[in-house]
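Worksheet: one structure, shown below.
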Amino acid sequence: MAPHELRRPFKRPAISDQQRRRDLALIRQTQQRSDSQNRARRLASSLFDLPSHSFPDACQADFPDNVDVGYAIALEQSPELEASSPTVRHLDFVQASKLKGSAARHWFARQLMLTEWMIDVPPNLDRDWYVFARPAGKRCFVVSSNGSTVSRLRNGSVLHHFPSSLPNGARTKEISAPSHVYCILDCIFHEPDQTYYVIDMVCWRGYSLYDCSAEFRFFWLNSKLSETGACNPPSTYHRYRFSVVPIYDCNRIGLHKAYTGGFAFVKDGLLFYNRHAHYQTGNTPLALVWKDELCSQYVLDTDSEGHVPAEQQVVLELQDDGKLTTSDDPPILFGCLEKEIIQKAGNFLRFSVIDECVRIVDGKLELGDLKFVGKANRARAFADSYSKVFFQYTARHSPLQFQDLIASLDPNLDENSESNDMEMID
Amino acid sequence: MVMEATRLRDLGFLFGKCSSRIFKDALAVASQGLPSFPNLKISSHRGPPALWISEEEINSLAIPFEFSLIMAVEITQVLLNAQSVDASARKYAEESLNQFQDQNLPSFFLALSGELANNDKPVDSRKLAGLILKNTLDAKEQHRKNDLIQRWLSLDMFVKAQVKGCLLQTLSSPVSDARSTASQVIAKVAGIELPHKQWPELISTLLSNIQQQQSHVKQATLETLGYLCEEVSPDFVDQDQVNKILTAVVQGMNASEVNNDVRLSATRALYNALGFAQANFSNDMERDYLMRVVCEATLTPELKIRQAAFECLVAISSSYYDKLGSYMQDIFIITAKAVKEDEEPVALQAIEFWSSICDEEIDILDEYGSDFSADSDTPCFYFIRQALPALVPMLLDTLLKQEEDQDLDEGAWNIAMAGGTCLGLVARTVGDDIVPLVMPFIEENISKPDWRQREAATYAFGSILEGPSPEKLTPTINVALNFMLTALINDPNNHVKDTTAWTVGRIFEFMHGPTVEIPVRTILSVLLQCMKDVPNVAEKACGALYFLARGCEVVGSASPLSPLFADIIQALLSVTHREDAGESRLRTAAYETLNEVVRCATDETTPIVMQLVPVIMVELHRTLEAQKLTSDEREKQNELQGLLCGCLQVIIQKLGSAEPTKYTFLQYTDQMMDLFLRVFACRNATVHEEAMLAIGALAYAAGHNFLKYMQGFYPYLEMGLQNFEEYQVCAITVGVVGDLCRALDDKILPFCDGIMTHLLKDLSSNQLHRSVKPPIFSCFGDIALAIGENFEKYLIYAMPMLQSAAELSTLVAEADDEMIEYTNQLRNGILEAHSGILQGFKNSPKTQLLMPYASNILQFLDSLYNEKDMDDIVMKAAVGVLGDLADTLGANAGPLISQSVSSKDFLEECLASDEHLIKESAQWAKFAVSRAISG
């Protein structure tokens, strides 16, 4: 019969700091293990290897195939190639978030994935693409880090600086994330309801989604965003509401929903994302925009006063040698300026298109002579892209119509299939 | 069995040291219980007639001869020598005993039990004989204990019977020490044998002893029953025998028993037998009777019996809380009287009764709080709430019975301390309701000239800070805090200051933040001044600062500590350098507070933390330079090294977690690693643990750059992984392997053969504490994730281990809470291993190597789902593994996956979970599974 211990702790804190150190270390290790796991899960995976039978050979070159996936992983793992690895890109982001003024603008202006305009319908629209309505508004990057959130427009300039419920998006007492954690969202700010519609997720809690397929990014976006409270109505530590946009498989039903469906936001065209494509900065043919009068108020470009000019206008970049080019990489040449008119290289100049001079040769658009209108708006960071010019041209003459999109769908695909898992309706 | 000449010589037999005995006599002593004397035959085989004895017979005859000699003559002296003041005699005796045990265990047992039973022997040798017997039957470490149990069970039947006979015989000895020792040994043997359905007659033999008239036999038997109930699980004693035991015990406790020793042993026996009385406590009549006997015993004139009876009441309060309703009124009267009038040991038990009721109700209410269904196993009867108006004044009275200088005595425990502690528990049980009952006492006493009154008032206030709502306390807090800050500087009495500083700490612990109106700067300046006071007061001031800092932990740059941050650090460092910092745990408190202050540094103050790095490093360096220390000094030095390594660990974690500070801080890595490696040269578990944790944090911060330290560090890593004895060190080292994996990625590969070897050895060891094993499995996952397909060569070792652990973890039936918790930890470890391995192999051409294991993994998941007893963490990990399997093996595993329950019902259940981490894993798994199945 052992002596019965009667003494209870007296005037002592119940937890010793040593135990606390142990516990904190365990918490840290558990967290880091789960981070590593999640990181591994998010890496491009054998799952996303495209079964070749679903792909006509002609298109294969356009898609990230096995080689690219393998390459992305090789980059992750091999130190020699570190310069372009995602880890380094992370660091870039951390560094860049400290940049100020024009340096920051310059850097951020190059980070968005820019859609091409849909000139013709890509093959396998229904198998490989998502469609969703594009909210009307300002396209921007939203970055949450160090207890605050900053949104930057396409040209890199700051739109808002505000607190948000995104991880590390505000200085609140409840620590929602370690201090080094940050998030990057690709958004459209919709003025009427003061809401950021998130159309893509680039980084979440410090983990890169650059090398993930759109399918995975959308999935992650949809499961992650709401749990932070970012979709809640505004409050002291959360100035703007965030919202996701319903994303549909690009079949007949999905297309109709996106095209005719009613949404909380004003629509500005439809966006098409290839489900296998990674997030790629700059222009990409794997994300497309399409508009018509029914689903957008802004089908035809307006001039600086907001009117649709009688003639199509384009903004081109003036190179040192007088060449006028688009923003594509590599740039497409649309004309040349006489030496005497060259004012200053690198400026963006606005021209009117003279319809009679335009030609389409082998499916390629040639503008012929251009009429100089003036300098473009100073806020411009980009010239127009080739696809935009082309789309604007066809929109004025023989637009690609919704019926064309529907017609391109494979009638053999099961029309009655239940909405896919990835459909993201609130 | 061979007689060994060496041992015979050791015993002195051959040199005639002992009085000579003839063979037959020696044999006679030992022949009780011998199978039979060999039937010796006259034979004329090969020559003249002679006594013909086979070799076997010689051996069997020789054994008792051998031990009887030792038993009779030598063992007594050896046992006495083993207690000699002469160290060399002691050492020699201990060695002989060990040798004896190693060389002839049966004789050893017989000799010792014979010694214990022999009334002609000195009491000291008998006691030690019993003690050694006890230690050869039981040990603390589980693996050793198992060995000892097996050893006893495999002993010859006759030897065991002989030993048990001696033990039972000893219970009748007139020597009380011998009886008492025998009681304990009997209980140990019973603890081994009853679960194996051996010694079935034991309990009835003991019960028949009770019927004897001799009081000393009765007393010893009751004591034996008490120990027996402590050793043996109720599962192995049938209800009929339980009833008989309880009847015997309660009879012994009864007032009609005139012998106090018998009553005391009976009362103590009841304390242990309570665990057997489940059925009896459910029966109203039997329970009434038991309670009456216990309550009556609390009123006997004999102090020890009263104390033992109250101990029974305390035990009943926790084991049979739900059966107490009708007795509470009587118990209150009994306890209140004891608290007021009785001697301290009894009064302390009486208070403990109420503390224990509080413990029960706090637990029950906690359970109510955690799910609103309020269907806890035990309902709350709100005894404390009902007793409150009488209970609180009773406890407040005790607060005035302080002892002088109780704060300077680490081991002090008196009625004032017990009363205050109970008051604190009452506050946690009833919350707001206690405040109006205590406030008048505080107001009445807080300004009295007698220090006892001031201290009691302050202690009362400090005690009730945990429990009531902040709203209820806030109005008082600000007034009180003001008053106390003044008292901390001005009160002439140390005891009052000590309690005041403690109370200030409690205020910050439970009420931190905006509720306190007094500027932090004012509070800080008082606390910093207080840290120069005598050690016990300074230690409490450090504690108060610890909680103040903890309350100031805000993300962002505006911390109220920032303006005085450097002063705080400076003040704490000065405390650590005080001559008297060794008293009252002061140095430890100062470093712990420093850690907390570092943790809550903001962007603004991290530069000051950066300056602290070299300061702490120099301190650590100094401890390593010290030479020629006495063992006492060395112990202190080790303690200090532990604190310094702990502090560095906190700093590393702080500075390593933010990019800008990380790079500046990492410039110290070389020197820091050098220090840590030197620390490992000192043999002290706590220090190793702290240094290990610090290195883990450092490695994670340094990333790939840590590689250059691996060569130097690796031997210590191995050492840690092999430290079975101090399993905490081993566990932490396993965690550090995980840190290294994440820091080094595949650069850890060259070290993996060694690491994996040790981890596999650890897993197979039955010496290593079981709590280390789940983390080892998780660590497999960390390694696999780091080295990817290079894990290939370990698959043939790791996978079968995972497989058998998985099988084991699904076979746990009828487990207690602790076992269920462990089982879940084990499952989590296994699942994390699978996740890591599967993800590690992803996109590798060797993915196919995992295919053979897929069906086992899925079966494991299915069985987890079917068992229905996994916790949330396991559920999340399990559904994650489902996803990992689908992700890595893809379409190849599609058919297997679609056959499994996990991919359907289990996945659905996880998708519907309210726990977002489970849901998240499940969504991911669904995504991966649907791809694998459709692809």
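The values are calculated or read from the model by the stated rules, or taken from the named source; none is laboratory data. Small disclaimer: the values here were computed from a predicted structure and weren't measured. Don't worry about glycine lacking a Cβ; one is built from the backbone with ideal geometry, like all the others, and counts go over all protein chains shown. The area values use the complete protein model at the heavy-atom level, side chains included, leaving out ligands, DNA and RNA. Shrake-Rupley method; radii C 1.70, N 1.55, O 1.52, S 1.80 Å.
Things worth noting here:
- 14 Å cut-off, amide nitrogen to a point 7 angstrom out along B:Gln803 Cα→Cβ, residues in the range B:835-878: B:850-860
- Percent of C-alpha pairs per 10 Å bin, the range B:170-288, short to long: 15, 49, 31, 5, 0
- Largest-first principal axis extents of the Cα set of the range B:638-745 (Å): 40, 31, 19
- For B:Asp156 and B:Asp366, a Förster radius of 35 Å and the Cβ-Cβ distance give a FRET efficiency of 0.10, rounded to the nearest 0.05.
- Global geometry of the range B:833-935, whether rounded, prolate or oblate, following the gyration tensor of its Cα atoms and the 1.5 cut on a/c: prolate
- When you filter the GluC sites (Glu not before Pro) in the range A:149-243 for DSSP loop state and at most 12 other Cβ atoms inside 10 Å of their Cβ, you are left with A:Glu174.
- Using a 1.4 Å probe over protein heavy atoms, the accessible area lost on pairing A with B, summed over both chains, comes to approximately 6400 Å².
- Extents of the range B:846-900, largest first, come to 34, 18, 16 Å (Cα atoms, principal axes, whole angstrom).
- Qualifying trypsin sites (Lys or Arg not before Pro) for the range A:269-377 [loop in DSSP, other Cβ within 10 Å: at most 11]: A:Lys344
- Computed label-point distance, nm, for sites B:Met285 and B:Phe483 using a 7 Å Cα→Cβ extension: 5.8 nm
- Dipole moment magnitude, nearest 20 debye, the range B:230-355 about Cα centre, only Lys, Arg, Asp, Glu C-beta charged: 220 debye
- Dimensions of the range B:435-511 along the principal axes, based on C-alpha atoms and rounded to the nearest Å, stand at 32, 23, 17, largest first.
- Hz values of 3J(HN,Hα) by residue in the range A:229-241 - Karplus curve (6.51, -1.76, 1.60), Gly and Pro given as x: x, 5, 8, 6, x, x, 8, 3, 9, 7, 6, 10, 6
- Over all orientations, the range B:532-587 has a Cα convex hull whose mean projected area works out to 3.9 square nanometres.
- Histogram of C-alpha separations across the range A:358-399, 10 Å bin width, %: 22, 51, 25, 2
- Candidates per GluC sites (Glu not before Pro) in the range B:810-867, loop by DSSP, up to 16 other Cβ within 10 Å: B:Glu814
- Viscosity 0.890 mPa s, temperature 25 °C, Stokes-Einstein D of chain B from Kirkwood C-alpha radius, µm²/s: 73 µm²/s
- Subtracting the Cα-Cα distance of B:Asp674 and B:Ala912 from their residue separation scaled by 0.36 nm leaves 80.5 nm.
- Gained length - B:Ala558 relative to B:Lys708, 0.36 nm times residue gap less alpha-carbon distance: 50.1 nm
- FRET efficiency estimate (nearest 0.05) - Cβ-Cβ, B:Ala89 to B:Glu867, R0 56 angstrom: 0.40
- Estimated inter-spin distance, B:Lys904 and B:Lys532, nm [label 7 Å along Cα→Cβ]: 7.8 nm
- Ligands, DNA and RNA aside, B:Asp284 has an accessible area near 90 Å² when probed at 1.4 Å.
- Inter-label distance, nm, simple model (7 Å from Cα along the C-beta direction), B:Asn119/B:Gln329: 5.3 nm
- At a probe radius of 1.4 angstrom, the accessible area of chain B per residue rounds to 43 square angstrom.
- Treating r as the C-beta distance of A:Gln319 and A:His160 and R0 as 30 Å, the FRET efficiency rounds to 0.30.
- Tensor-based shape of the range B:374-518 (alpha-carbon gyration tensor, a/c under 1.5 rounded, otherwise prolate or oblate): oblate
- Long-range tail of P(r) for the protein assembly as shown (Cα pairs > 47 Å, %): 54 percent
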